[in-house]
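Handing you this structure, nothing more for now.
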Amino acid sequence: MGIGLLLLGSAAQVRAATGSTQARVRIVHASPDAPELDVYVNGTRSFRGLAFKEVSTYAKLDAGSYRLQAVPVGKTLAQGPIVISTTAKLKASTDYSVVAAGLRKDIEPLLLEDNNTLPDPSKAKVRFVHLSPDTASVNVVTPNDDNAKVFSMVGFEESADYVTLDAGRYNLTVQNSEDDKTLLSIKGLPAGNGQVITVFGMGLSEGQPALRAVVSVDAAATKLFPVTGDEMTGTEVTDMQSQAEEPFPVWSLMAIGAGLVLLALWLLPSILWRAKV
C-alpha cells in the first residue's frame with residue numbers, strides 16, 4: 001500500500017524551548033473527516049485554516065494553563081460549532097503538540113510533549129505517533145534489515161519513545177502488530193544530521209483518506225530550506241511541508257526581486273549600445 005509522506009523541513013534553525021521561561025505549542029490536524037480548523041487560545045484566534053495532514057509552526061507562550069478551542073475555518077467561537085475544547089497546562093522550556101485526533105464524531109485533543117533536544121550531529125532522533133482511528137496497534141520495522149523492529153506495539157493515540165538512528169535514508173514498513181500484515185510502506189525517509197523527527201501515521205486503513213505518513217522535522221542543528229510537494233524515491237507519493245517558528249519573510253523576496261530589476265535597468269543601455277554596434 002502506498003503512502004503520502006509529508007515532511008516538514010525547516011526554513012530556519014529550529015531549537016527546543018530548553019532554558020526558556022516560555023513553552024512552545026503547535027497544532028496537528030489528524031482527524032480524517034473533520035473540516036479545516038481555526039484554533040483559539042484563551043479566546044483569541046491563534047492558528048488559522050489547518051486542514052487534515054497539516055502541522056502548524058510552533059508558537060511561543062508563557063508557561064501556564066490555556067484554553068484551546070477549535071472551530072471550522074472562518075467561524076468565531078460564538079458561531080461555532082466548537083469541534084474541540086480543552087485546557088492545556090504548559091510547562092516552561094517545553095515543546096508541545098496538540099493533536100486533533102479521531103473521526104469527527106469522536107474527535108478529541110491529544111497533548112504530546114515534544115523532546116526537541118538535538119541529537120549528536122551525525123545522528124537523527126525519531127519517534128512514531130499512531131493517529132489512524134481504524135488501525136490496530138502497529139509495529140514499525142526496517143524491511144532491509146530482516147524486519148528489525150524500530151517501534152513496537154504502538155496503539156491508536158499513542159506515541160512511541162524516541163529512537164536515535166545514524167543519519168541517512170530509511171525504508172520503513174508499518175505492520176499490524178498481531179499478524180504482521182503490511183499497512184504502510186515508507187521509502188527513503190530522510191533522517192538528516194542532527195534532526196529531531198516525528199512520523200505521524202494518519203488516515204484510514206479502510207476508506208479515504210488513505211493511511212499515510214506525515215513526517216515533521218521538529219528541530220534541526222543546521223538551516224534547511226522548506227520543500228513542498230516533493231516526491232521521494234519509490235512508489236509512494238511523498239508530500240513535504242516546512243516546520244519553523246517563522247516563515248521566510250516575504251519582504252526578503254521582494255528586496256531580491258527589486259534588486260534584480262534595478263540591475264537589469266542599469267545593464268540595459270550597455271546591451272542596447274552593443275546591439276547597435
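The values are calculated or read from the model by the stated rules, or taken from the named source; none is laboratory data. Since this is a predicted model, take the numbers as computed values, not measurements. Cβ atoms come from the backbone with ideal geometry, glycine included; neighbour counts cover every protein chain shown.
Got a number for residues in region 121-134 being part of a strand (DSSP E or B) and not aromatic (Phe, Trp, Tyr)? Steps first, please.
Here is the first cut: in region 121-134, the ones part of a strand (DSSP E or B) are 123-130.
Right, trim to not aromatic (Phe, Trp, Tyr) and you get 123-127, 129-130.
Matching residues across region 121-134 total 7.
When you go through (1) without any contact (Cβ under 8 Å) to a residue 12 or more places away in the chain; (2) part of a strand (DSSP E or B) one by one for residue 188, which number turns out not to apply?
With respect to (1) without any contact (Cβ under 8 Å) to a residue 12 or more places away in the chain; (2) part of a strand (DSSP E or B), residue 188 is out only on (1).
So for region 141-152 (the condition being hydrophobic (A, V, I, L, M, F, W, C) and closer than 19 Å to residue 27 by Cα), does at least one residue qualify? Write out each step before concluding.
Residues of region 141-152 that are hydrophobic (A, V, I, L, M, F, W, C), as a first pass: 141, 148, 150-151.
Checking the rest, the ones that are also closer than 19 Å to residue 27 by Cα come to none.
Looking for residues that are hydrophobic (A, V, I, L, M, F, W, C) and closer than 19 Å to residue 27 by Cα, one finds none in region 141-152, hence no.
Further question: With the condition kept exactly as written, say whether any residue in region 80-90 is exposed (fewer than 14 other Cβ atoms within 10 Å of the Cβ) and either of a type in the set (Phe, Trp, Tyr) or without any contact (Cβ under 8 Å) to a residue 12 or more places away in the chain (or both).
For region 80-90, residues exposed (fewer than 14 other Cβ atoms within 10 Å of the Cβ) and either of a type in the set (Phe, Trp, Tyr) or without any contact (Cβ under 8 Å) to a residue 12 or more places away in the chain (or both): present.
If you take the residues of region 41-55 that are more than 20 Å from residue 103 (Cα to Cα) and either buried (at least 17 other Cβ atoms within 10 Å of the Cβ) or outside the structural domain of residue 101 (by TED's automatic domain parsing) (or both), which of them is nearest to the chain's Cα centre (by Cα)?
In the first step, residues of region 41-55 are kept if they are more than 20 Å from residue 103 (Cα to Cα); the result is 41-48.
Those still in the list that are either buried (at least 17 other Cβ atoms within 10 Å of the Cβ) or outside the structural domain of residue 101 (by TED's automatic domain parsing) (or both) too: 41, 46-47.
On the way: 41: 20, 46: 18, 47: 14 Å.
Residue satisfying both the conditions and the ranking: 47.
A quick yes/no check of all residues on (1) in a loop (DSSP other than H, G, I, E, B); (2) touching a Pro at 6+ places or on another chain (Cβ under 8 Å); (3) modelled with pLDDT under 95; (4) of a type in the set (S, T, N, Q):
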site	(1), (2), (3), (4)
48	no, no, no, no
57	yes, yes, no, yes
65	no, no, no, yes
87	no, no, no, yes
97	no, no, no, yes
110	no, no, no, no
119	yes, no, no, no
136	yes, no, no, no
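Identify the single condition in (1) assigned to a loop (DSSP other than H, G, I, E, B); (2) without any contact (Cβ under 8 Å) to a residue 40 or more places away in the chain; (3) in contact with an Asp or Glu (Cβ under 9 Å, 6 or more places away or on another chain) that residue 151 does not satisfy, given that it satisfies every other one.
That leaves (1) as the condition not met.
Those residues that are at pLDDT 95 or above and farther than 19 Å from residue 97 by Cβ, I need them from region 1-38; list them, please.
Hits for region 1-38 are 33, 35.
Let me ask something else. From the list 217, 163, 174, 141, which one is buried (at least 19 other Cβ atoms within 10 Å of the Cβ), under 23 Å from residue 98 (Cα atoms) and outside the structural domain of residue 54 (by TED's automatic domain parsing)?
217
Separate question: Would you mind finding the one in 95, 120, 106, 38 that is outside the structural domain of residue 212 (by TED's automatic domain parsing) and surrounded by fewer than 16 Cβ atoms within 10 Å (Cβ to Cβ)?
Testing whether each residue is outside the structural domain of residue 212 (by TED's automatic domain parsing) and surrounded by fewer than 16 Cβ atoms within 10 Å (Cβ to Cβ) leaves just 106.
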